[in-house]
Amino acid sequence: MSDWVRIADASEIADDEPFASEWNGEAIALYRHEGEIFAIGDICTHEHVRLSDGWFEGDRIECPLHQSCFEIRTGKVIEGGPASEDVASYQVKVEDGAVFVKRGI
Ligand code: FES
């Protein structure tokens, strides 16, 4: 994904509630936090579990299976459970009410 991809309507993404999406087989989770939207890979790097089914608090999402925490701005694993690899991170832009993402920060 080297170009911007439309992935959701901004109105679908509620404050502090994970939004699971997908593009071309790539699971991507969107998070709205303090008025800003962030996007990271949605599959935990430890086992195949959607992070968006986990607990979202502040700037982190906690994996529902073994509680590894990932930073929603960067996809970096920050503490907790057994995951040691980061998930993908995406740039995000909102235009005319639509959310676009692009790989990398
Ligand atoms: S599956 Fe996410 S920490 Fe184990």
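The values are calculated or read from the model by the stated rules, or taken from the named source; none is laboratory data. This is a predicted model, so every value here is computed, not measured. Note that we place each Cβ from the backbone using ideal geometry, even for glycine, and neighbour counts take in every protein chain shown. We work out accessible area using only protein heavy atoms, side chains counted, and drop any ligands, DNA or RNA first. Shrake-Rupley method; radii C 1.70, N 1.55, O 1.52, S 1.80 Å.
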Looking at Arg6, is it among the basic types (Lys, Arg) and under 13 Å from the mean Cα position of the chain (by Cα)? no
Candidate set: the range 92-101, residues that are open to solvent by 70 Å² or more (accessible area, probe 1.4 Å) and of a type outside the set (Val, Ile, Thr); chosen: the one farthest from the ligand (Cβ to nearest atom): Asp96
Is there a residue in the range 45-52 that is assigned to a strand (DSSP E or B), within 12 Å of the ligand (Cβ to nearest atom) and within 12 Å of the chain's Cα centre (by Cα)? yes
Selection within the range 53-65 - in contact with a helix residue (DSSP H, G or I) (Cβ under 7 Å, 6 or more places away or on another chain) and either more than 10 Å from the ligand (Cβ to nearest atom) or in a strand (DSSP E or B) (or both): Ile61
Please name all residue pairs, on different chains or six or more residues apart, with Cβ atoms under 8 Å, provided the first residue is in the range 66-93 and is assigned to a strand (DSSP E or B) and the second residue is open to solvent by 60 Å² or more (accessible area, probe 1.4 Å) and among the polar types (S, T, N, Q). Val77/Ser84; Gly80/Gln67
Filter the range 68-86 down to the residues that are near the ligand (Cβ under 10 Å from one of its atoms) and surrounded by 15 or more Cβ atoms within 10 Å (Cβ to Cβ) and list them by number. Ser68, Cys69, Phe70, Val77, Gly81, Ala83
Just need a number here: residues in the range 1-19 that are open to solvent by less than 50 Å² (accessible area, probe 1.4 Å) and part of a strand (DSSP E or B). 4
